[in-house]
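Written out below as structure tokens is the structure these notes cover.
The values are calculated or read from the model by the stated rules, or taken from the named source; none is laboratory data. What you are looking at is a predicted structure, and each value in this text was computed from that prediction instead of being measured. Methodologically, a virtual Cβ is constructed for each residue, glycine included, from the backbone with ideal geometry; neighbour enumeration extends over all protein chains shown.
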Amino acid sequence: MGYSLNDQQLMLSKSVRRLAEKHVSPRAEQLDRSDEYPWDLWREFAANDLVGVSIPEIHGGKGQGVLELCLVVEELSRVSAATGLMVSCQELALTPLLLAGSAEQKKNFLVAGARGEVLASFALTEPDAGSDVSATGTRAVRRGEEYIINGSKCFITNGGLAEYYIVFAATDKEQGIRGLSAFVVEKDRPGLSIGKVEDKMGVRGTRTTELIFEDCKVPRANLIGSEGDGFKLAMLSLDRVRPAIGAQALGIARGALEYALNYCKQRRQFSRPIVTLQGLQFMLSEMFTKVEASRHLVYSAASLVDEEFPGLNGANKEISRLSAMAKMYASDTAMAVTTDAVQLLGGYGYMREFPVERMMRDAKIIQIYGGTNQIQRVVISRSLLG
């Protein structure tokens, strides 16, 4: 479970930090208020090789690893959680194609996505199928050389912006999770429409929508892998990218801790800086310890993914367990640290002109998406009990 950063990784982290300070930090408040997708920042990320970080170069990516992806997401999220999500969401959507896509699918979809030329989207969640994927109601019925998809998805990041969606649907409802399959569905397919655009509490600046499928026809060639591979593809993709969700939480917590520490050094009460008050020193010590523990879990999980991630027909319970631990602990830490940061700033922390208020709102969703933290505890406990 160890990790260490080499010189190239340290340079990557520093370069992304500089880019985030220059291009993202000045925009963070405006992104949150406007809730408009920052296409110019996306193009900046693509131009600076921050998209498709863990995708092999042969498929248009940067040929690095999930640890490098985590470093990118962490540094972006330190100043704007929404921009960290932009990068990690793209990587999640590309992973099913990387794991099981045909040569044609990789050429037509994966390469452009890994280069950042188009947005992609991972469409799994439904109104009645969140944590319980077996309850997926979207159906895909084969008719000759086509599949007819009917159903709906909700809380889909990049909805209405993506050029294509990785859609999970039941091809054999009687088989439960073994009857789920995955498809590439292009945005202009007749029968696909965008439903409600969500007005979110946090990670504003990213788009979250419903997807509605009404007799949406896709060619058989758009099936990823084989019929019945959908559940395995979804779980493997989430296991692979889940450390980056933890890295988003780590970045938020770091940003909040750094801001609160600097504020406490400058704010004076009782004729001295409040950082000299032992009660506040204890709070800062707890915050710092949780952030460092989160870093070790996230980096260790990412390193294990890079070393031992299985193919489509494999499994690695240690990766599932450690990725779940990293995401769970880091997101709980982000919620705790941002809440404490607001407290340390007192009344100012509650005001929107101070970033810790936004960071606290952003932190909450990471305890929910990518598998709720309650589900992560189920994964961890099952691995302990065999």
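Answer yes if at least one residue in segment 344-352 is out of contact with any strand residue (DSSP E or B) (no Cβ under 9 Å at 6 or more places or on another chain), over 20 Å from ARG33 (Cβ atoms) and not in a helix (DSSP H, G or I), and no otherwise. Checked against the condition, which is being out of contact with any strand residue (DSSP E or B) (no Cβ under 9 Å at 6 or more places or on another chain), over 20 Å from ARG33 (Cβ atoms) and not in a helix (DSSP H, G or I), segment 344-352 yields no hits at all.
Evaluation of GLU75 against the conditions (1) closer than 26 Å to GLU307 by Cα; (2) not in a helix (DSSP H, G or I) shows that the sole unmet condition is (2).
Residues checked against (1) crowded, with 18+ Cβ neighbours inside 10 Å; (2) touching a residue at least 60 places away in the same chain (Cβ under 8 Å):
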position	(1), (2)
ALA301	yes, no
LYS317	no, yes
SER320	yes, yes
ALA326	yes, yes
TYR329	yes, yes
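Only residues that are in contact (Cβ under 8 Å) with a residue 60 or more places away in the chain and more than 14 Å from the chain's Cα centre (by Cα) were counted across segment 55-66, and they come to 1.
Restricting segment 342-386 to residues that are charged (D, E, K, R) and within 24 Å of the chain's Cα centre (by Cα), which is modelled with the lowest pLDDT? Break it down into steps so the answer makes sense when it comes.
Taking segment 342-386 and keeping what is charged (D, E, K, R), we get 352-353, 357-358, 361-362, 364, 377, 382.
Restricting the remaining residues to those that are within 24 Å of the chain's Cα centre (by Cα) gives 357-358, 361-362, 364, 377, 382.
Numbers: GLU357: 98, ARG358: 98, ARG361: 98, ASP362: 98, LYS364: 98, ARG377: 97, ARG382: 93.
Result: ARG382.
Being assigned to a strand (DSSP E or B) and among the small types (Gly, Ala, Ser) is not true of GLY228.
Can you give me the number of residues within segment 167-201 that are among the basic types (Lys, Arg), over 30 Å from ARG352 (Cβ atoms), touching a residue at least 40 places away in the same chain (Cβ under 8 Å) and part of a loop (DSSP other than H, G, I, E, B)? Please lay out each step first, then the result.
Of all residues in segment 167-201, those among the basic types (Lys, Arg) come to 173, 178, 187, 189, 196, 200.
Add one more test, that the residue is over 30 Å from ARG352 (Cβ atoms), and what stays is 173, 178, 187, 189.
Now restrict to residues that are touching a residue at least 40 places away in the same chain (Cβ under 8 Å): 178.
Applying the additional criterion that residues be part of a loop (DSSP other than H, G, I, E, B) yields none.
The total comes to 0.
Considering segment 125-166, the residues that are touching a Cys at 6+ places or on another chain (Cβ under 7 Å) and part of a loop (DSSP other than H, G, I, E, B) include one that is surrounded by the most Cβ atoms within 10 Å (Cβ to Cβ), namely ASN158.
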